[in-house]
1. Relative contact order of the stretch 51-196, please, whole-number percent, based on alpha carbon pairs below 8 angstrom and at least 6 residues apart.
2. Would you mind putting 67-77, 113-123 in packing order, based on average other-beta-carbon counts within 10 Å, highest first?
3. Of the listed peptides 59-66, 100-107, what is their order by residue-averaged count of other C-beta atoms within 10 Å, with the highest listed first?
4. Please work out whether the stretch 64-111 counts as rounded, prolate or oblate from its C-alpha gyration tensor, where a ≥ b ≥ c are the square roots of the eigenvalues and a/c under 1.5 means rounded, while otherwise a/b larger than b/c means prolate and anything else oblate?
5. Under the Kirkwood approximation for Rh and a Cα-based Rg, what ratio Rg/Rh is obtained for the stretch 51-196?
């Protein structure tokens, strides 16, 4: 009888420990997810860098200071979550960007391969510059922990917007922060001319 009492107590302790460790693991998972989604540099100065894009263009936030917004998109060809965002941004850029636009976009490929990046760009018809962050210096300087991540650097050199992951809500906010109207842009992407809008 005494042995079964010890077994019951041990079972209760084990069950209690199992519940406690499960709750701790879930809390850690939530903390890690929140950290991965956090934009550390929001409302802070954007670190400068200079990378050469695959098409030979130079990408540096300093080149846009005092002139226009620069959207940086941290992505990778091996990261399937990046694909829909890059496709959307490629279409948006082709439809809405002109030489007079007050924004530009640059893609920063993280831990990627040049050939894979170029193939993705060609297959997806992406016309904004794409550069490799070979040693993660830029990714680390911007505290990027999740792909894809979008940042907007204002002409004053501060990070004014950031989002990690790809959702329709993030997409709409990003487009608005660039000074575009999501409704007009959707119509353009569907081929509705500017003059035919209500």
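1. Working: 236 pairs, mean separation 43.8, N = 146.
It rounds to 30 percent for the stretch 51-196.
2. Values: 67-77: 21.0, 113-123: 14.7.
Put in order of decreasing packing, that is 67-77, 113-123.
3. Working: 59-66: 15.8, 100-107: 17.9.
Top to bottom by mean Cβ count within 10 Å: 100-107, 59-66.
4. Values: a/c = 3.98, a/b = 1.64, b/c = 2.42.
Since a/c reaches 1.5 but b/c is at least a/b, the shape of the stretch 64-111 is classed as oblate.
5. On the way: Rg = 14.5 Å, Rh = 15.4 Å.
With Rg and the Kirkwood Rh in hand, the quotient comes to 0.94.
Readers should treat all values here as calculations from the given coordinates under stated rules, not as data from a laboratory. Note that this is a predicted model, so its numbers are computed, not measured. All Cβ positions, even for glycine, are placed from backbone atoms using ideal geometry, and neighbour counts span all protein chains on display.
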